[in-house]
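A short write-up of the structure that comes next.
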Amino acid sequence: MAWTPADPDLTEDWPRLRTTAADCPGGPPGDPQGRATGPGGLTGSGLEVADALLRRIPTRRLIVLGAPGSGKTMLLVRLLLAVAEERAPGGAVPVLLPLASWNPASQNLQAWLVEGLAQDYAGLRGPTPACAGSMNRARALLEHRLLLPILDGLDELPATARAMALAEISRALPPGQAVVVSRRVDEYRQAQCPAAGVPVKLAGAAGIELRPLAACETAAYLSRDAGGENTVSAARWERVPARLDSGTPVGQALRTPLMVFLARTVYNPRPGETAAGLPDPAELCDEDRLPTPAAVERHLLEALPAAYRSRPGTSCWWSPQRAEHVLVLLARHLQHRLQGPPDLAWWQLHEAVHRRLHQCLLAASAAFAAGFRAVGAGLGTGIGIGLAAGFLGWRTGGQPRRLPAVAFRWSGTGFALGLLWAFGFGPILVLLARSAPAFGLLGGLLLGPVVGARLGHGVVALAGQETLALIPAFSVCGAFAYTAWGHFTPTRCHLTLRHRLPRDLLAFLADAHQRGVLRQVGAVYQLRHINLQHHLARHPSVPSATPRD
């Protein structure tokens, strides 16, 4: 993977970069002796990107430009690993964060970075020692410049938010703070000539542009992946290399890492597998069938289920058709339910079904638990208490935590407040129910919403003998109402019973990651490329996902 300096009109000129670096608090970052004398010194390939960022660029700010599928994310991952390996004790730690989840119009960069770090690294949610001030560890690391943000996918933000995001990055990060941002070339060029407003650049940043894969590199990779030269599998590619270094559709299509990955997945046998029965790579050269580069790319995207074909000595719980079905539904969930972000987080799966599903489940559980226990005092009493508890369960069946919990934490204050509300309203409800079922029902319906609104994150247990006996049942209902796991579990069961998702969704995601279909970024999965997500979301052969209303 090679790159050249970005066009001069897309970045700040080199003398300004040197001046900006010299004016940084504490002096210029890095060793001035290792700096490039001009943008021409940024040309390189492979792991040289770490040297370019840390030593050649005066300001240590870099924008990575490239065409769709050109390997920007892959290069950022290599950069992260190389910088982490070179990091000295006490130096900044590189972190890769996808920008698609950020809304710069409603959230500043610092807050978004802290939230993303807390999501991906649960240990950073905890508070810092008292001497460091009142903040969590993620914010403390950011404020002390112990993080090197690597921000991927600026183009995955809405078009109206991209210039705003770039301006906010420039504003929020102090001079001397290293940062890396990736963006497509055409979109970045458009930011220089917006229809309204002023042109926007990443302040103090140099730029590199990824070059298309060389024909010789692509041919050598495909041959090597097929078993190497002079093998039967590699010989199947003999018609393709001559067309790679030309303007043919296949030559133009196989110029990005994404398309080359798909080609080897579809046509090359895996260990223990023979080429017999596999499609012939020569079909990529059929210009009657595939007359344009877009047609070749579409053909390769549609053949993605080849990643799930059965091979000797391996087992797969999902057929290619079943795997494609699930991937299409997940892509549609991202594209239509969550409005297009690439991050596939298990704790957001509840958005795939209507909120009323969780409310009904919680209401039924609470009503059954309370009514069954109280029916011994009389049928009317049991019905009244059951209805009141069911209504309370309906009202408390709201949204789960924004991030999943990582451990149980004891809260003395929360426990005391729970007991106070339980023993305060519980006796009133029980006495009313025992004196007259009608009054019990009326009291439950009136007190349920009040208590539910006041408690927010707690569940009322009924007082007297019923109170102590019902605490475990209502605790379970509360756990399902306000935890990410409590919403994920019934959603997964519902979609599994409707044959939408596999029973063990997390195992499916992990398997897809091993096959190269998904990539993992922190705590979330993503389809290998945003273009793949868009393609699957438009797939016509799979019925639409479960409607939300």
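The values are calculated or read from the model by the stated rules, or taken from the named source; none is laboratory data. Small disclaimer: the values here were computed from a predicted structure and weren't measured. Ideal geometry is used to build each Cβ from the backbone, glycine not excepted, and the neighbour counts take in all protein chains shown.
Do you know which of the residues in segment 126-167 that are in a loop (DSSP other than H, G, I, E, B) and out of contact with any helix residue (DSSP H, G or I) (no Cβ under 7 Å at 6 or more places or on another chain) is modelled with the highest pLDDT?
Step one: list which residues in segment 126-167 are in a loop (DSSP other than H, G, I, E, B), which gives 126, 128-129, 133-135, 144-146, 153, 157-158.
Narrowing further to those that are out of contact with any helix residue (DSSP H, G or I) (no Cβ under 7 Å at 6 or more places or on another chain): 129, 133-135, 144-146, 158.
Working: 129: 76, 133: 66, 134: 72, 135: 81, 144: 86, 145: 87, 146: 90, 158: 82.
Looking at the filtered set, the residue picked out is 146.
In segment 267-284, the qualifying residues are those that are modelled with pLDDT of 90 or more and among the hydrophobic types (A, V, I, L, M, F, W, C), and the one that is nearest to the chain's Cα centre (by Cα) is 284. Scan segment 521-543 for residues that are at pLDDT 85 or above, crowded, with 21+ Cβ neighbours inside 10 Å and either acidic (Asp, Glu) or farther than 12 Å from residue 96 by Cβ (or both) and the total you get is 5. Residue 140 passes every criterion in (1) in contact (Cβ under 8 Å) with a residue 40 or more places away in the chain; (2) over 19 Å from the mean Cα position of the chain (by Cα) apart from (1).
Restricting the search to segment 511-520, which residues are under 23 Å from residue 117 (Cβ atoms) and surrounded by fewer than 21 Cβ atoms within 10 Å (Cβ to Cβ)?
Applying the first criterion (under 23 Å from residue 117 (Cβ atoms)) to segment 511-520 yields 513, 518-520.
If the condition is that a residue be under 23 Å from residue 117 (Cβ atoms) and surrounded by fewer than 21 Cβ atoms within 10 Å (Cβ to Cβ), then 513, 519, 520 are the ones that fit.
Among the residues of segment 100-108, are any exposed (fewer than 15 other Cβ atoms within 10 Å of the Cβ), without any contact (Cβ under 8 Å) to a residue 40 or more places away in the chain and closer than 25 Å to residue 335 by Cα?
Here is the first cut: in segment 100-108, the residues exposed (fewer than 15 other Cβ atoms within 10 Å of the Cβ) are 103, 105-108.
Adding the requirement that they be without any contact (Cβ under 8 Å) to a residue 40 or more places away in the chain leaves 106-107.
Keeping just the survivors that are closer than 25 Å to residue 335 by Cα gives 106-107.
Among the residues of segment 100-108, at least one is exposed (fewer than 15 other Cβ atoms within 10 Å of the Cβ), without any contact (Cβ under 8 Å) to a residue 40 or more places away in the chain and closer than 25 Å to residue 335 by Cα, which makes the answer yes.
Inspection of segment 100-115 finds a residue satisfying the criterion of being modelled with pLDDT of 90 or more, of a type in the set (Gly, Ala, Ser) and at negative phi.
For segment 198-213: of the residues being at pLDDT 90 or above and either over 31 Å from the mean Cα position of the chain (by Cα) or charged (D, E, K, R) (or both), which is surrounded by the fewest Cβ atoms within 10 Å (Cβ to Cβ)? So, considering only residues that are at pLDDT 90 or above and either over 31 Å from the mean Cα position of the chain (by Cα) or charged (D, E, K, R) (or both), the one surrounded by the fewest Cβ atoms within 10 Å (Cβ to Cβ) is 211.
Taken over segment 347-370, the criterion of being among the hydrophobic types (A, V, I, L, M, F, W, C) and either buried (at least 21 other Cβ atoms within 10 Å of the Cβ) or in contact with a helix residue (DSSP H, G or I) (Cβ under 6 Å, 6 or more places away or on another chain) (or both) is satisfied by 347, 349, 352, 353, 361, 362, 363, 366, 367, 369, 370.
The residues on offer are 6, 2, and the sole one that is touching a residue at least 40 places away in the same chain (Cβ under 8 Å) and either over 33 Å from the mean Cα position of the chain (by Cα) or crowded, with 21+ Cβ neighbours inside 10 Å (or both) is 6. Screening the candidates 182, 170 for the property of being of a type in the set (Ser, Thr, Tyr), assigned by TED's automatic domain parsing to the domain that holds residue 95 and not in a helix (DSSP H, G or I) yields one hit, 182. Being surrounded by fewer than 14 Cβ atoms within 10 Å (Cβ to Cβ) and not in a helix (DSSP H, G or I): is that true of residue 216 here? Here the answer is no, as residue 216 does not meet what is asked.
Restricting to segment 55-79, name every residue that is in a helix (DSSP H, G or I) and under 16 Å from residue 187 (Cα atoms).
Of all residues in segment 55-79, those in a helix (DSSP H, G or I) come to 55-56, 72-79.
Correct list: 72 only.
Of the helices (runs of 4 or more DSSP H) lying entirely inside segment 220-289, those containing at least 1 residues that are aromatic (Phe, Trp, Tyr) and either in contact with a helix residue (DSSP H, G or I) (Cβ under 6 Å, 6 or more places away or on another chain) or buried (at least 19 other Cβ atoms within 10 Å of the Cβ) (or both) span 257-267.
When segment 133-155 is examined, which residues are found to be among the acidic types (Asp, Glu) and crowded, with 21+ Cβ neighbours inside 10 Å?
Going residue by residue through segment 133-155, those that are among the acidic types (Asp, Glu) are 143, 152, 155.
Of everything in segment 133-155, just one residue is among the acidic types (Asp, Glu) and crowded, with 21+ Cβ neighbours inside 10 Å, namely 152.
Test residue 308 against the stated conditions and say whether it is of a type in the set (Phe, Trp, Tyr) and at pLDDT 90 or above. Before the answer, list the steps.
Details: of a type in the set (Phe, Trp, Tyr): yes; at pLDDT 90 or above: no.
Answer is no for this residue.
Among the residues in segment 20-42, are any at pLDDT 90 or above, assigned by TED's automatic domain parsing to the domain that holds residue 206 and of a type in the set (Val, Ile, Thr)? So far as segment 20-42 goes, no, none of its residues is at pLDDT 90 or above, assigned by TED's automatic domain parsing to the domain that holds residue 206 and of a type in the set (Val, Ile, Thr).
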